[in-house]
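The values are calculated or read from the model by the stated rules, or taken from the named source; none is laboratory data. This structure is a prediction, so every number in the text was calculated from the model and none was measured. Counting neighbours? That spans all protein chains shown, and the Cβs are built from the backbone with ideal geometry, glycine included. Ligands, DNA and RNA are excluded from the accessible area calculation, which covers all protein heavy atoms including side chains. Shrake-Rupley method; radii C 1.70, N 1.55, O 1.52, S 1.80 Å.
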Amino acid sequence: MATIYAHTNDGYVGRINQSSWSNARANTTGTVANSTASNNSLAVRADKLSGRGGSVIYNIYRSFFFFDTSGISANVGSATFKVRGAFNGGGDLIAVKSNSDIETLAAADFGSIVGWNTTTDGSGGGDNESNVTKYSAEISTWSTSGYNDITLNAQALADMRDDDTVYICLINYDYDLKDIAPTGFSSNRNGLYYTNYTGTSRDPYLDYELAPTVTDNAIFFGTNF
């Protein structure tokens, strides 16, 4: 197996303390962003919480990563996106393809997801599941004390082969991706470590293996040349 660590500009972008689900989700620009954090307990988030004076607030965080895959030119047989969890593990996630804008991550990258549509009604009217480019299946369990293995799909493997850089966003699956406003005071949060953590023992990385090379060893019998 070979390993590629995420670039040090990985991080998160979020919209927080919003008075409605639409205010939180129907935007391409976030209210917070960070590409130097070593970890975040709210790295992937879609929740509804109580605010002051009996009000409610909505919060969304998305995490972004990119990897130098310029050294890969052959078919990739399998790959796993390895992410060290931390603090919170209460939400379901999915890995999707992000845009190259995230190389200089800023608040303006909140919607930097390939195919993303900001349409939002909180009842599934803005479901982006068929619009985005999925890199994984839904991730329904999240360890907060070790690495989480996210199996990358055929599209991700092809992009690792064909593109010099692969861009990944981790997003909440049940609420953010599918445009379902959380009900009650729910906390759907996943914490994780980024590459700026000291050393590499908790850094996100791709673990991959190239596909076997097929050699044509056909032997011809009974043929007159």
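Listing for the model above:
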{"quantity": "Residue check, Ser55 modelled with pLDDT under 95 and of a type in the set (Ser, Thr, Tyr)", "calculated": "yes"}
{"quantity": "Conditions (1) touching an Asp or Glu at 6+ places or on another chain (Cβ under 8 Å); (2) under 18 Å from Thr183 (Cα atoms); number of the one not met by Asp101", "calculated": "(2)"}
{"quantity": "Asp121 of a type outside the set (Val, Ile, Thr) and either within 27 Å of Ala158 (Cβ to Cβ) or surrounded by 20 or more Cβ atoms within 10 Å (Cβ to Cβ) (or both)", "calculated": "no"}
{"quantity": "Selection from the range 77-95 of residues that are open to solvent by 10 Å² or more (accessible area, probe 1.4 Å) and within 18 Å of Thr3 (Cα to Cα)", "calculated": "Gly77, Ser78, Thr80, Lys82, Arg84"}
{"quantity": "The range 138-182, residues that are in contact with a strand residue (DSSP E or B) (Cβ under 6 Å, 6 or more places away or on another chain) and part of a helix (DSSP H, G or I)", "calculated": "Leu157, Asp159, Met160, Arg161, Tyr173, Tyr175, Asp176, Leu177"}
{"quantity": "Single condition Ile57 does not satisfy, out of (1) without any contact (Cβ under 8 Å) to a residue 60 or more places away in the chain; (2) hydrophobic (A, V, I, L, M, F, W, C); (3) in contact with a Phe, Trp or Tyr (Cβ under 6 Å, 6 or more places away or on another chain)", "calculated": "(3)"}
{"quantity": "Residue within the range 116-134 that is under 13 Å from Ile168 (Cα atoms), among the aliphatic types (A, V, I, L, M) and in contact (Cβ under 8 Å) with a residue 40 or more places away in the chain present", "calculated": "yes"}
{"quantity": "Subset tally (residues that are assigned to a strand (DSSP E or B) and loosely packed, with under 14 Cβ neighbours inside 10 Å) for the range 124-137", "calculated": "0"}
{"quantity": "Among (1) open to solvent by 10 Å² or more (accessible area, probe 1.4 Å); (2) closer than 26 Å to Asn27 by Cα, the one test that Ser98 misses", "calculated": "(1)"}
{"quantity": "Strands (runs of 3 or more DSSP E) (entirely within the range 1-73) containing at least 1 residues that are of a type in the set (S, T, N, Q), under 24 Å from Thr200 (Cβ atoms) and open to solvent by less than 30 Å² (accessible area, probe 1.4 Å)", "calculated": "39-50, 56-68"}
